[in-house]
Amino acid sequence: MLKLSAISKSPLFEALCLSVATETASVTFACGGKIPMALNASGDGSQDQTAPKLQANPVTLRWDAQDGSVSGKMTLPLTLATEGDVEQLIKDMQPATFGRGGEHVFDTSYRRASKLDPTQFTSSFNPYELGIIDTVAQALLPSLRGGKQVRGVRAELYSLNIYSGPSGKFKSHVDTPRSPDQFGSLVVCLPLDHQGGALEVRHKEKTVVFDWSKAKGEKDFVHWAAFYSDREHEVLAVTQGHRLTLTYNLYCVRGNGQLVLPLYKTIYDLVNDRNLWAEGGLIGYNCSHVYPHTTKTPINFTAPDNLKGADMLMFEMFSSMGLRVRFRPAVLDPQYRDYSMYLDGSGDSSTDNEDNDDKDDSDDDMESGAPAKPVIGKELGYKFELGLGFEPLEAMKMYDKWSGKTVGAKYVHFDTDKEAPEMHAKKPREAAVDQNQNQALSEYIEFSKVHWLNDASHMEPQLSWIAYGNEPSIKLIYSSLAMIIDVPAGGAQRPNNTSGDKKTGRKRRRYSSEDNTGKKKGQALE
Ligand SMILES: O=C(O)CCC(=O)C(=O)O
Ligand SMILES: [Fe+2]
């Protein structure tokens, strides 16, 4: 290992220091956008055909009077006939306070605004529908695919506010977090004309300004801004009109909120059970949707990006617990049995023993016509199409090679599946002697050692050949797309489990089609 000083003096290290100093200071701390209203500029209710697809519908507000009775309703943007509704709304609102020294303070020199609490109004506006929350999540809470947790955002409506001209404002402040998970604030400005009232958000030397005052003749928009709530921010004076906003508290949630699913809890409890996984093991899940996982085409299966529904959910849940997920084709019925009659030896299928351990599962089996066993292939995107004259024995050898159990003619034996990568890691020099063999070791997953969660529901053709009989017929063997989840010894939450397995040097990758291929995110699995 290099000495500490040598590392810190290396050009690469210095380059990184420079990047940290410059780039991390300018990363996003606030983001925003505007979404056109579905009404056209004249406000006559007809759809604007030239407008971009993402449009906001008119926003309807309903609210209570101060005595709690239902008071008013208004739809934005306003028309000439409804302009007066704003005055009624303001009458029904309370003066907005702010927190100072742990108390709610009313001081118009600091904050001049009106408010309603969420219990006092409803609005038809939904920031999720318009993709605002997704954008906020990407900009303010980025999650790396290889990271341990995928994070999501939950937005909770906090207040309806009006800042009115000529002096509505909110001086520089930071927002009080409601809980440790709160990381940000979202302000949505509804389409109501005003001048001034820019929101300024500051981080170090940088200020981001969101000015939503409307230029003459400009279309109506819903504007929004989100920022880390511990960044200093300020609403400058509104000089004219009314600045009407919805504010939301933004909370960070794990796995896009899937934490609340009962399924998540069950999986969590299972993979964190130390006793159950004292020695580690494998969980198998057969995907419930159809994918072209056996085909090499321009639309290659690009797991995990194109997983559907429950499959993505399962992938995200296991991954969010830091577990490695591998995608493999599983052939449930390899049909060795069909060949037994052609082979030397008994060919007696009564020797079928589901508990066969690996020791029995060698060349002898093949030659004695031992019964078929399900196989897990080591590669996706690979289809066998074999012609006439295909030898049964070849099929068996092919399966063994395809699963990684053999390399060429050579069989690889070991007691447990999980032993394989460890052997590879513990003995790098020996591994290098026969790299092919070790490659096979790390790729081979014995079907019977996997704890399967479900049966296969969808299969794709994996192997086809022309069989001899009275007449030649096409035989087809199908495979299911399986996720194989590695649970390390001691369960998912084992200490030292977050960045890699120190003992074996195994990196904890979140997904792969094969081990040790170094493939990157989004790359087609072949
Ligand atoms: O209305 C805005 O732009 C910001 C409001 C604000 O800072 C708050 O309500 O805490
Ligand atoms: Fe604020």
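The values are calculated or read from the model by the stated rules, or taken from the named source; none is laboratory data. Being a predicted model, the structure only gives us computed values, none of them experimental. Surface accessibility is based on the protein's heavy atoms, side chains included, excluding ligands, DNA and RNA. Shrake-Rupley method; radii C 1.70, N 1.55, O 1.52, S 1.80 Å.
Determine how large the accessible area of PHE384 is when every protein chain is in place; take a 1.4 Å probe and give Å² rounded to the nearest 10.
20
Let me know the Kirkwood hydrodynamic radius for the stretch 28-255, please, with Cα pairs as the basis and the value in Å to one decimal.
18.4
When the Karplus curve 6.51 cos²θ - 1.76 cosθ + 1.60 is applied with θ = phi - 60°, which whole-Hz ³J(HN,Hα) does each residue of the stretch 236-246 get, with x for Gly and Pro?
Per-residue couplings from phi come out as 5, 4, 7, 8, 8, x, 10, 9, 9, 10, 9 Hz.
For the cross-link pairs LYS73/LYS265; LYS115/LYS214; LYS91/LYS171; LYS34/LYS171; LYS115/LYS265; LYS378/LYS475, which exceed 31 Å when the distance is taken from alpha carbon to alpha carbon?
Working: LYS73/LYS265 42 Å; LYS115/LYS214 22 Å; LYS91/LYS171 23 Å; LYS34/LYS171 24 Å; LYS115/LYS265 39 Å; LYS378/LYS475 22 Å.
Listed pairs above 31 Å: LYS73/LYS265; LYS115/LYS265.
From the protein chains alone at 1.4 Å, what is the descending order of accessible area for ASP269, ASP85, ASP486, largest first? Show your work: numbers first, answer last.
Values: ASP269 80, ASP85 45, ASP486 20 Å².
These residues rank, largest area first, as ASP269, ASP85, ASP486.
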